[in-house]
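Single-structure report; data block below.
Laboratory data are not the source of any read-out in this text; all were calculated from the coordinates shown. If you're wondering where the values come from, they're calculated on a predicted model, not measured in any experiment. When we count neighbours, we look across all protein chains shown, and the Cβ atoms used for this are built from the backbone with ideal geometry, even at glycine.
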Amino acid sequence: MAEETPNNDRAASADMGDKVNNVVVGVQNTGGGGAPPNTPVYAEMPPGEFSSAWKRFVKSLRSLVSGVPVERALDPFMPLRDSILDASERDDVVLDLENAWLSLHAPGPVRVSFDAAHLLLMELNAFPSAVELAEAEDKAKTEKSSSKKKLLSLAKTTLDSARDLLDQLPFPAKAILKVLGEVIDMFRGD
């Protein structure tokens, strides 16, 4: 009979359709408690919590910057805009973001990372709601407000938070976040 290991437990949990993933959040360096040295430490996290919030964030951002810009000088940047939004939703990038966010949950002497992770998640979750509220307000008004500029400023702030807090991101994901921020800046004035 196979020995139960965290990986077997993880696979069994996935087969049962549980709403929790066991993710590696650190390594136990001592053999205390009967565990061998360098045993992975697992924590239960909701599956794809950050990934879901990120995808909603990008979808809302896409709705703000899509279409033909009023300022015609931005026309040459439309392929860049579309490509960076697509890249931001790629599975490998979303997985890198999720893993960097999960690394903030690693055990340590200070809880600041854990709190920062949840504050970032709150910020990501708030943005799509802000876009929905602004769209509802704009529909009620006969004239368009300056809400797009304000919402893109909020998106840039949220993106800057992600870049600052997710310091474990691999370079390709960091580069995508950087270019996405630049595209937000370009289209903010439109």
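Take residue 106 and residue 138, extend 7 Å from each Cα along the Cα→Cβ direction, and tell me the distance between the two endpoints in nm.
About 4.1 nm, to one decimal.
Of the listed peptides 76-82, 165-171, what is their order by residue-averaged count of other C-beta atoms within 10 Å, with the highest listed first?
Per-residue Cβ counts within 10 Å, averaged per peptide and sorted highest first, yield 165-171, 76-82.
Can you spot the lysines whose alpha carbon is less than 23 Å from residue 141's alpha carbon? Ignore those fewer than 8 places along the same chain.
Cα-Cα hits under 23 Å: 149, 150.
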